[in-house]
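*Asks:* The structure's right below; bear with me while I get my questions together.
The values are calculated or read from the model by the stated rules, or taken from the named source; none is laboratory data. Everything quoted here is computed from the prediction, not taken from an experiment. Positions of Cβ are generated from backbone atoms using ideal geometry, with glycine treated the same way; all protein chains shown enter the neighbour counts. Keep in mind that these areas ignore ligands, DNA and RNA; they rest on the heavy atoms of the full protein, side chains included. Shrake-Rupley method; radii C 1.70, N 1.55, O 1.52, S 1.80 Å.
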Amino acid sequence: VHLCPLKEVEVSSRPGKIQNLNITNMMNEKADDDAENMMTNSNESEGLLESGQSGKNHEPEIPFCGCLSIRYYQPFFDVDTADISTRIMNSVFFCGRENTFVTLITERPDAYGPFWIATTLIFTVAVTSHINNWLSSWMHGKNWVYDFQSVVSVASLVYGFSLCVPLAIWFTLGQLGAKVKLITIICLYGYALFVFVPASLVCLAPSAAASWLVLIGAAIQSTIFLMRNLAPIFMSHARQQAPIMLAAVGLIQLILTMSLKLGFYN
């Protein structure tokens, strides 16, 4: 009599256990699926991050003809105000310094400073020469006529010297076996022209003697600056021809000075 209820209890208790087991299995399977989905999502996100970082770190290479790409010239303009100021000071007050200007710019020669120095020189010569001529005409009672062609002339003169002279020096050094970058010579010559900027401001006064004095002084200083930096290179590769080449550099600066004086302050 007492066994039947027990069997019923056992029989009736089995479906409950089976249901509990099924629920437990379902929960475990769901947890496993959730964990697997989380792992998959995390792997995908890591893959996206890695691909994004690799995309950022990977820079496109410069094409074969790199000189036609803007990206090719970016390193030559990667300077700040402190760099430009330091280089201008070294180009003006170079006497007594242990290192040369070429040593200073070897790692990071720039074209930013030379471009704006040449542009500033064009502006100052164009303005001061017109004011100089106007004052001279006024003092002598003559009519003065504005000459716009002089702006084009001074731009052609300054930009032409800023590009052609470094190119000639670089070509000559290359023939001698010296491994010097063209941008280094452009940077050197560009900063050598800075002394002509304050000299052109002095030429504002309508005095021929003052114009001759300051322009020749600027030519001498820029020539000495160029010789101090180019002499070690010429001497190490062509000791016998070095004096002739340095004299040619001085002659080029003299031609530039005469062109400025006779063409715009005469």
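*Asks:* Please go through (1) open to solvent by less than 30 Å² (accessible area, probe 1.4 Å); (2) at pLDDT below 95; (3) not β-branched (Val, Ile, Thr) for residue 189 and return the number of the only condition it doesn't satisfy.
*Replies:* (2)
*Asks:* Right, another one. Considering every residue within the stretch 133-152, establish whether at least one is more than 15 Å from residue 265 (Cα to Cα), surrounded by 14 or more Cβ atoms within 10 Å (Cβ to Cβ) and aliphatic (A, V, I, L, M).
*Replies:* Checked the stretch 133-152: no residue is more than 15 Å from residue 265 (Cα to Cα), surrounded by 14 or more Cβ atoms within 10 Å (Cβ to Cβ) and aliphatic (A, V, I, L, M).
*Asks:* Which condition number does residue 107 fail, the rest of (1) assigned to a helix (DSSP H, G or I); (2) open to solvent by 30 Å² or more (accessible area, probe 1.4 Å) being met?
*Replies:* So residue 107 meets the others, but not (1).
*Asks:* Could I ask something else about it? Only one of these is touching a Leu at 6+ places or on another chain (Cβ under 7 Å), modelled with pLDDT under 95 and not in a helix (DSSP H, G or I): 79, 180, 102, 145. Name it.
*Replies:* When all the criteria are applied, what remains is 180.
*Asks:* Among the residues of the stretch 225-257, what is the count of those that are at pLDDT 95 or above and open to solvent by 70 Å² or more (accessible area, probe 1.4 Å)?
*Replies:* Counting residues in the stretch 225-257 that are at pLDDT 95 or above and open to solvent by 70 Å² or more (accessible area, probe 1.4 Å) gives 3.
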